[in-house]
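What follows is a short report on a single structure.
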Amino acid sequence: MSDSTDLRYMQMALALAARATIATSPNPKVGCVLVKDGQVIGQGWTQPVGQAHAEVQALRDAGAQGQDPRGATAYVTLEPCSHYGRTPPCANALIAAGVSRVVAALQDANPQVAGNGLAMLRAAGIAVECGLLASEAREMNLGFFKRMESGRPWVRLKVAASLDGVTALANGHSQWITAPEARQDGHLWRARADAILTGIGTVLADDPQMNVRGVETSRQPKKFVVDTWLRLPPAAKLLQDGGATVVCAQPDPRKQAALQAAGAEVLYLPGPHGRVNLPELMLELGRRQVNEVHVEAGAILNGALIEQGCVDELLIYLAPKLLGDGAGLFALPELTQVDQARVVRFHQVQQLGETLRVLARFG
């Protein structure tokens with residue numbers, strides 16, 4: 001097929017993968033399109049954990065339409081898996097179906113796959129190409145690739161502020177600085193994350209629920225609270241709908257027992273200066289198969305996460321308001337030279353109602 005034809009079908013596969021944004025984690029989001037004689041005969045995307053992957057869904061779709069996949073080309077946004085996990089290998093399914101060509105966007109970073117799926121297909125006599133729209137496919141699965149390559153999840157830190165960088169007034173009032181469209185968008189970002197992380201200061205000040213509201217979701221993210229001295233009240237709202245993990249650095253058996261009785265898990269991760277070891281927390285989240293973390297915290301925890309290299313991306317909502325003195329975005333050490341600044345790059349800027357949404361990335 002021509003390059004333009006391959007490009008069109010891979011774009012279709014990416015659009016299918018986008019439908020799986022919330023339900024698939026810890027698996028990657030994948031889309032697959034089967035094409036034969038210039039016609040799409042089957043489509044699929046990754047189903048919730050334990051159910052069919054994109055390739056199997058596309059083959060089932062072809063069968064439901066009475067289409068024979070033998071001799072078809074499969075466009076898939078990630079290398080077909082080659083190992084037995086909760087489901088059988090997708091490479092085997094494509095081989096058994098008799099497809100003649102597979103076009104993959106990029107190689108899987110999972111060490112259990114990592115090129116083995118493509119090798120299996122080639123060994124079966126199937127023509128294989130890899131690399132078409134690779135950056136777009138990787139972008140869709142930033143958290144999965146980060147976890148596979150480093151053992152840590154992708155960490156997105158969200159803040160809402162006035163144009164002069166104030167997140168709350170000096171008296172603590174912060175509702176609402178940004179427009180309704182921005183608040184709903186924030187819940188969409190919460191929904192796509194596997195875990196929401198906050199600090200005890202935010203909980204004591206606002207008693208937030210820390211869940212997804214107002215947007216459709218098939219599951220709620222796990223909740224984590226950085227709470228060095230276990231100050232979290234057992235009656236906190238965030239413990240009332242399934243509990244949370246409270247991460248501490250100073251053990252207190254009495255407080256721990258009360259939190260556990262309220263449904264919380266207490267995780268002891270001591271670090272330097274008697275505080276929670278944040279890099280170790282990121283590794284622990286990776287071990288728990290968390291791909292994406294959504295941080296909503298105050299300036300102190302925000303600054304600590306940035307200073308300790310735990311943040312990949314900033315999600316900043318800026319309202320067209322000037323609020324004067326108040327709480328800032330990040331509590332970071334004072335610099336003596338401008339060239340000491342931590343540099344980010346703008347990834348995306350978009351207006352939502354009256355609010356400006358800025359996505360900026362480190363590295």
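Points worth noting:
- Residues whose amide H lies under 5 Å from that of residue 44, counting only those 5 or more places away or on a different chain, are 32, 58; hydrogens are built 1.01 Å from N in the peptide plane.
- Listed residues 75, 64, 358: farthest to the positive end of the dipole of the chain (Cβ charges): 64
- GNM flexibility winner over the chain from 124, 193, 264 (Cα, springs under 10 Å): 124
- In the chain, helical runs assigned H by DSSP with n ≥ 4 each contribute -39500 (n - 2.57); averaged across all residues and rounded to the nearest 500, the mean residue ellipticity at 222 nm is -8500 deg cm²/dmol.
- Viscosity 0.692 mPa s, 37 °C: Kirkwood-radius Stokes-Einstein D of region 72-216 over Cα pairs, µm²/s: 176
- Global form of region 110-151, assessed from the alpha-carbon gyration tensor, a/c cut-off 1.5: oblate
- A simple spin-label model places pseudo-atoms 7 Å from Cα toward Cβ; at residue 289 and residue 265 they are separated by 1.2 nm.
- Cut-off 18 Å, label 7 Å out along Cα→Cβ of residue 219, residues of region 24-68 by amide N: 24-31, 45-54
- Once the 1.4 Å probe is applied to the protein heavy atoms, region 248-350 comes out at 54 Å² accessible per residue.
- The residues of region 1-117 expose, per residue, 40 Å² of accessible area to a 1.4 Å probe.
- Sorting 293, 56 by solvent-accessible area of protein heavy atoms yields 56, 293, largest first, with a 1.4 Å probe.
- Of all complete DSSP H helices in the chain, not one has a Cα span along the helix axis of 20 Å or greater and a mean Kyte-Doolittle hydropathy of 0.5 or more.
- Computed over protein heavy atoms with a 1.4 Å probe, the carbon and sulfur contribution to the accessible area of region 230-316 reaches 52%.
- Net lengthening on full extension, residue 237/residue 322 (0.36 nm per residue, minus Cα-Cα): 27.5 nm
- Accessible surface of region 67-152, 1.4 Å probe, proportion on carbon and sulfur as whole %: 51
- With every protein chain in place, region 1-63: carbon and sulfur % of accessible area (1.4 Å): 47
The values are calculated or read from the model by the stated rules, or taken from the named source; none is laboratory data. Just so it is clear, the model here is predicted, and its values are computed rather than measured. Every residue, glycine as well, gets a Cβ built from its backbone with ideal geometry; the counts of neighbours run over all protein chains shown. The accessibility values were calculated without ligands, DNA or RNA, using every heavy atom of the protein model including side chains. Shrake-Rupley method; radii C 1.70, N 1.55, O 1.52, S 1.80 Å.
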